[in-house]
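Peer 1: I have a structure I would like to understand better, so I am pasting it below and will then ask my questions one at a time.
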Number of protein chains: 4
Amino acid sequence: MNHIQFDATKPMDIIPVGRATIDLNPNELHRPLYEVATFSMYLGGSPANIAVGMARLGKKVGFLGKVSNDQFGQFIKGYFQKEGVDTSQLSAAQNGESLGLTFTEILSPTESRILMYRNQVADLQLSTEDVSEEYIKNSKILLISGTALATSPSREACFLAMKYAKKHGTIVIFDIDYRSYTWKSKEEISVYYSLAGKMSDIIIGSREEFDLMEILEAENTVKGHQLAEQYLGYGNKIAIIKYGKKGSIAYCNDRRAYKVDSFSIKLLKSFGGGDAYASAFIYGLLENWDVPKALEFATASASMVVASHSCSAAMPKAADIQKFIAERTEKVITEIRWRDDVE
Amino acid sequence: MNHIQFDATKPMDIIPVGRATIDLNPNELHRPLYEVATFSMYLGGSPANIAVGMARLGKKVGFLGKVSNDQFGQFIKGYFQKEGVDTSQLSAAQNGESLGLTFTEILSPTESRILMYRNQVADLQLSTEDVSEEYIKNSKILLISGTALATSPSREACFLAMKYAKKHGTIVIFDIDYRSYTWKSKEEISVYYSLAGKMSDIIIGSREEFDLMEILEAENTVKGHQLAEQYLGYGNKIAIIKYGKKGSIAYCNDRRAYKVDSFSIKLLKSFGGGDAYASAFIYGLLENWDVPKALEFATASASMVVASHSCSAAMPKAADIQKFIAERTEKVITEIRWRDDVE
Amino acid sequence: MNHIQFDATKPMDIIPVGRATIDLNPNELHRPLYEVATFSMYLGGSPANIAVGMARLGKKVGFLGKVSNDQFGQFIKGYFQKEGVDTSQLSAAQNGESLGLTFTEILSPTESRILMYRNQVADLQLSTEDVSEEYIKNSKILLISGTALATSPSREACFLAMKYAKKHGTIVIFDIDYRSYTWKSKEEISVYYSLAGKMSDIIIGSREEFDLMEILEAENTVKGHQLAEQYLGYGNKIAIIKYGKKGSIAYCNDRRAYKVDSFSIKLLKSFGGGDAYASAFIYGLLENWDVPKALEFATASASMVVASHSCSAAMPKAADIQKFIAERTEKVITEIRWRDDVE
Amino acid sequence: MNHIQFDATKPMDIIPVGRATIDLNPNELHRPLYEVATFSMYLGGSPANIAVGMARLGKKVGFLGKVSNDQFGQFIKGYFQKEGVDTSQLSAAQNGESLGLTFTEILSPTESRILMYRNQVADLQLSTEDVSEEYIKNSKILLISGTALATSPSREACFLAMKYAKKHGTIVIFDIDYRSYTWKSKEEISVYYSLAGKMSDIIIGSREEFDLMEILEAENTVKGHQLAEQYLGYGNKIAIIKYGKKGSIAYCNDRRAYKVDSFSIKLLKSFGGGDAYASAFIYGLLENWDVPKALEFATASASMVVASHSCSAAMPKAADIQKFIAERTEKVITEIRWRDDVE
């Protein structure tokens, strides 16, 4: 059963909101950053990756965001246009803000760190003035990346966008996407994440992110299904909780729960899979697939991306994901009992 | 019928949250500020006035707020203590913030202006760290003044306090109390006021404030009852819309509406009545009176305050309000049809 | 001997630069601020007081400063105009900055404290764009109040004004006028005060202020004449060091030094004398008096002001100062040996 | 004649002050930045380049600066240590400031642009607390890079360092090194550059930088020697004015002037020569060479660096510069008449 009804009259499929940045990935792998000599440049930022991911999957994709008013901002715009992402609502910051940068440190296939440039960053300058009610009204989905809630004026822009989405029947997906940068306190995180989680239709986050949202200590005895129930109780139809290498669980409002595992692949790096997962899962929902099938597609896409050097540039096409699945016999989706946890 | 059930096991009656400031009222009346020679000093700030108002009415009153770390902060603390308001949660700002000042310009009995000192003001430094879950849990009512939502960190402190109140069955009263200072845009106001209005049990504001909350133009054709219905729909039990000299209307969730007029008095100034009104109305609810009786008490108290030189210092005792009402024969409370407006 | 040659062709006598604020002095004397009930409003701020002082003495006075864009800004402008101070270069801050306020706490005749409102203050918004080269060129004297060096953009405005003054033969008087507010560190104070002290022709400050300028500890063994010599060495013609109740010493570049005592008067408050002193001393120089005569006039004016309730409003006229001196027989000016200290 | 006497008892030769950053130079040359795929990482920042340059030339070099508290800060520290630059006074910023980045766009051999990351940059957080009087006292030379004057607290740190240098006989070299970033207005630039130019012994800058310092229009008729005379008048011994491809002129306080031309080389990029020039010139002065010989050494070093891919990494050793000069027969140093300009 598909739990989400999309309004087929809306011409756009999805509008991710938030940061489009640059990833600078080291060409010399598996060493500390200060021993790296050269970097390759890619488009990055979770909602930007999802935009590219969905465009590669053939969907009609917009973007609501702000970039720097310089050559790097031009790079983002040009990249989106090449991929077919609409850039009519991609504006340029006007007060010297910089594009966000993420220097990746790939210490080993399983160990990565990042060094972020997020001071006076362009994406967090998105403001309520940049939010077009008409643009949101015309899209089936609005995807909010939680990083965009970290500070004003981007925070208010997101809440206003969600307000318009609720008013016009646009489905809201809240991808918690927590980054420690910019937030001032745990309580602040909790306040705004929980306000956003009350306005969404689908909520996706790691177990750590759900804990943050509820101000739970690192070691707590709350069960995953209890967290999911809380947000289904606010009106969400699907809540996905991710447990890193242990996989993830999707809780649906028909009280069915699905455990999702990874396909076995040779890891090159330990990041980038989440955006591929989100893109492919949303694609499945838009195709009106049932949840388990969409989840299988999602985990396949994630596996393909973590085996490659970049994130955005590696986003696969639908046929390639299908071929990847067809070549494998592993069972990665299992319906579980509601109260079961990952282990 | 009383629409609100208070938890009688909670020892504190009410905790107003937000600004406690100083009013400097001119002693030479009815002239522009720059021709004034001397000022009298009073405690001010809407939630501080309500705290004093409720203490004068014999209720157990706390306060959650931040004052300056100087002689003026001491003045506030001393004044509260003299009035019997608990100051255990009244902290002092630590980075040179000043206490807010309001210089009043009384141009005529009906015309007043104010000149505010709100730059780097202490009250807006209230932060999530200052919010005690236990303190809120132990109070029947939490009263949020909308001015405290104007900026961080006070904004997050308020949402966290409301989150705790909902968790522990403490009634939330949202007094919109809009001041143009500090807010950045109309959309920002709307975003946060409407989020607060979804979390409250009683909402009180002027018609202009409700319009702001919904981003309605000054000249719009939306009816008062439509605005009230929207917020009753979010779960409020009572919504009061104030129309200045034309009186106010209280909409209850049993679909009954009451028009409230003023008693005839000799005006000295045109401000200060709102906080007396709120205090006396809440007093009535706590006394388990029905809504019309509480409203009559409220408008009587308001009339008494606008006839005097200050606001906080003039807050009447219950017996005085009853005497004021007993001496008058005017009918100031009228049940109206749901769809009627003030005129 | 008069050590300063003024350019008689310049039409304006003096342009004080810096803050014009409001003093709120308590009407109930000799008690802590939080027990005060009413305040009287006066023009305040050291350079503004000096401007009024010199206008009362019949000189042609301008002013370079910034006030708030509200009723208090209008009060300053109106007050200056009434006193005959030119306000053509008194501009209004445009981003919601407030006029500085000084609430005075008069605990006893000899003990005073102040509570200042200096957050986002209008006067420190004076910027290089507000500095007219022509205006400075046309004045015999430019008087810089050190408080205006405390932060940008006022700091740069002052240095630019001094640069223009040096270029056009306008005499620079540097009144150190240290206030702890706004400065970030001792080293910062020292850096900018000493840069200003290298550009001035006359420097006036308390012993504590000279110590600050040289980053000297509170208990040091440096002699007053050594400090004076340093600044005379940079090109100053007169250096005046003030020692509070013990009087002051004027060091001149002809190696003569004068000790200045106070006249015996009944003190009402312990502040406000400095600006009267500066005004009357500068008046004497402009009248081409010798230094001792100018100093006697200065200390007489200071004595008259500390015996009254305000500072600006009490600034005396020349005839009144002369009458005050004529009625007294005390010898308040003594030539001392260069190496003598106050005790 | 060598115009500068260094104090041979001071153990350190030079302490450059200011920014140490990272240059990211494109590996794909001669195309716009948004078409670049990979970047190489080098140490950058004018005073850091000079530090490396002087260390390569065998001098004892310190550094006074602030880097980020992350892997990039470690890169700088490690690089300095490898080159033999003392890092005892290289501190780490503590409030999330980032290391400055310079992405270079090499459009052609003669046309370059840069894209800088200077928002909340670590180097401008250098503060007066970081300035050790002892460290400066023990060095023959203090080199101030004008970029460090652009904002507080770095600005005050520089003036304090210069104050200590003057007190202890350490020679001050002021390298104007103007970057448009961070400065607020032309007048601000002029105020602080001219204050620094009054405290230095050697001043080096482009003609555009001298014009900025004097608030001169782009098209003005002031002669180079007039600008030089002004700063020699303040006490500088040598003033060097650079005219880009047209060479530079060194004005000495014995009224002799030298024109400096470039050696003919194959340009790879149009930047990086200035720091090589400064390093080699200062080296010559420390070696007690006469000015023309030091200038020849300087221009040779500059030519060698602009022919290579980086700046810091390409800094030559003394023997290599001598070999470079020995292989050439061009006359690049010419004594000119004082009043001659470059053309």
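The values are calculated or read from the model by the stated rules, or taken from the named source; none is laboratory data. As the structure is a prediction and not an experimental result, all values here were calculated from the model. Virtual Cβ from ideal backbone geometry, glycine too; neighbours counted across all protein chains shown. Just the protein is used for accessible areas: all its heavy atoms, side chains included, with ligands, DNA and RNA removed. Shrake-Rupley method; radii C 1.70, N 1.55, O 1.52, S 1.80 Å.
Peer 1: Measuring with a 1.4 Å probe in the full set of protein chains, what accessible area per residue, in whole Å², belongs to the protein assembly as shown?
Peer 2: Counting only protein heavy atoms, the per-residue value for the protein assembly as shown is 36 Å².
Peer 1: Please work out the FRET efficiency for the pair A:ASP254 and B:GLU287, using the Cβ-Cβ distance as r and a Förster radius of 56 Å; give the result to the nearest 0.05.
Peer 2: 0.70
Peer 1: Could you sort C:LYS245, A:LYS223 by their accessible area in this structure, using a 1.4 Å probe and putting the largest first?
Peer 2: Result of the area sort, largest leading: C:LYS245, A:LYS223.
Peer 1: How many percent of DSSP beta bridges within the protein assembly as shown run antiparallel, rounded to 5?
Peer 2: 50 percent
Peer 1: Here is a further query. Going 7 Å from Cα along the Cα-Cβ axis for the label, what nanometre distances separate C:ILE114 from the same residue across the other copies?
Peer 2: 2.8, 4.5, 5.1
Peer 1: Now a separate question. Report the trypsin sites (Lys or Arg not before Pro) located in region B:290-327 that are in a DSSP loop and have at most 15 other Cβ atoms inside 10 Å of their Cβ, or state none.
Peer 2: For trypsin sites (Lys or Arg not before Pro) across region B:290-327 that sit outside H, G, I, E and B with at most 15 neighbouring Cβ atoms in 10 Å, the list reads B:LYS317.
Peer 1: Let me ask something additional. I need two numbers for chain C: Rg to one decimal and Dmax as a whole number, Cα atoms only, in Å.
Peer 2: Rg then Dmax for chain C, in Å: 18.7, 54.
Peer 1: Taking all protein chains as present, what is the carbon and sulfur share of the accessible area of region D:12-336, in % to the nearest whole number, probe 1.4 Å?
Peer 2: 47 percent
Peer 1: Express in Å², to the nearest 10, the accessible area of D:ILE325 obtained by rolling a 1.4 Å probe over the protein heavy atoms while all chains stay in place.
Peer 2: Probe radius 1.4 Å; accessible area of D:ILE325 about 30 Å².
Peer 1: Another question, then. For region C:4-61 and region D:208-277, what is the separation of their C-alpha centers, rounded to whole Å?
Peer 2: 48 Å
Peer 1: Which of D:SER139, D:SER190, D:SER312 moves most in a GNM of chain D, Cα contacts under 10 Å?
Peer 2: Judging by the Gaussian network model, the answer is D:SER190.
Peer 1: Which residue is it, in chain B, whose C-beta lies closest to the B-to-A rotation axis, and what is that distance in whole Å?
Peer 2: Spelled out, residue of B and its Cβ distance from the axis onto A: B:LEU195, 3.
Peer 1: Then there's this: With a 1.4 Å probe on protein heavy atoms only, tell me which residues of region C:113-135 lose at least 30 Å² of accessible surface in the complex relative to the chain by itself.
Peer 2: Residues shielded by partner chains are C:LEU115, C:TYR117, C:ASN119, C:GLN120, C:THR128.
Peer 1: Go through region B:28-42 and flag every residue whose accessible area shrinks by 20 Å² or more with all protein chains in place compared to the isolated chain (probe 1.4 Å).
Peer 2: B:LEU33, B:TYR34, B:ALA37, B:THR38, B:PHE39, B:MET41
Peer 1: Binned at 10 Å from 0, what are the whole-percent values of the Cα-Cα distance distribution for the protein assembly as shown, short to long?
Peer 2: Percent of pairs per bin, in order: 1, 8, 14, 16, 17, 17, 14, 9, 4, 1, 0, 0.
Peer 1: Now for a separate question. Find how much the distance from B:LEU267 to B:GLU208 grows on full extension, using 0.36 nm per residue of separation minus their present alpha carbon separation; answer in nm with one decimal.
Peer 2: Using 0.36 nm per residue and subtracting the Cα-Cα distance, I get 19.0 nm.
Peer 1: Taking a ≥ b ≥ c as the square roots of the Cα gyration tensor eigenvalues, with a/c under 1.5 meaning rounded and otherwise prolate when a/b beats b/c, else oblate, which class fits region D:155-256?
Peer 2: Since a/c reaches 1.5 but b/c is at least a/b, the shape of region D:155-256 is classed as oblate.
Peer 1: Count the DSSP beta bridges whose two residues both fall in chain C, then state the antiparallel fraction as a percent rounded to the nearest 5.
Peer 2: Expressed as a percentage, antiparallel bridges in chain C total about 50.
Peer 1: Modelling each spin label as a point 7 Å along the Cα-to-Cβ direction, I'd like the D:ASP320/C:THR9 distance in nm, to one decimal.
Peer 2: According to this spin-label approximation, the distance is 6.1 nm.
Peer 1: Using bins 10 angstrom wide from zero, how does P(r) for region C:252-296 break down, in % of all Cα pairs?
Peer 2: 23, 50, 23, 4
Peer 1: Before rounding to the nearest 500, sum -39500 (n - 2.57) across all DSSP H runs of length at least 4 in the protein assembly as shown and divide by the residue total; then give [θ] at 222 nm in deg cm²/dmol.
Peer 2: It comes out at -10000 deg cm²/dmol, rounded to the nearest 500.
Peer 1: Within 10 Å of each Cβ of D:145-153, how many other protein chain Cβ atoms are there on average?
Peer 2: Mean inter-chain Cβ contacts per residue within 10 Å come to 1.
Peer 1: Right, something else. Collect residues whose amide H, placed 1.01 Å from N in the peptide plane, falls under 5 Å from the amide H of D:ILE336; neighbours closer than 5 in sequence don't count.
Peer 2: It is D:ALA257, D:TYR258, D:LYS259, by chain and number.
Peer 1: If you don't mind, another one. Between D:ARG337 and D:THR110, what FRET efficiency comes out of the Förster formula 1/(1 + (r/R0)^6) with R0 = 35 Å and r the beta carbon distance, rounded to 0.05?
Peer 2: 0.70
Peer 1: Also, I was wondering about something else. Measuring label to label, 7 Å along Cα→Cβ, what does A:ASN95 give against each other copy in nm, shortest first?
Peer 2: 0.8, 1.7, 1.7
Peer 1: Let me ask you something else. Let me have the relative contact order for region D:128-186, percent, based on Cα pairs under 8 Å that are six or more residues apart.
Peer 2: It rounds to 44 percent for region D:128-186.
Peer 1: Right, here's the next one. Using Cα pairs closer than 8 Å and at least 6 residues apart in sequence, work out the relative contact order for region A:8-59, in percent.
Peer 2: 40 percent
Peer 1: Which whole-number percentage describes the relative contact order of region B:1-125, with Cα contacts under 8 Å and a sequence gap of 6 or more?
Peer 2: Here the relative contact order equals 29 percent.
Peer 1: Report the accessible surface area buried between chains B and C, summing both sides, using a 1.4 Å probe on protein heavy atoms only, in Å² rounded to the nearest 100.
Peer 2: It comes to approximately 2400 Å² buried between B and C.
Peer 1: Under the convention of a label 7 Å out along Cα→Cβ, give the distances in nm from D:GLN322 to the same position in every other copy, shortest first.
Peer 2: 7.5, 8.1, 10.7
Peer 1: Assuming R0 = 60 Å, can you tell me the calculated FRET efficiency for the pair D:ASN220 and C:GLU327, based on Cβ-Cβ distance, to the nearest 0.05?
Peer 2: For R0 = 60 Å, the calculated efficiency reads 0.50.
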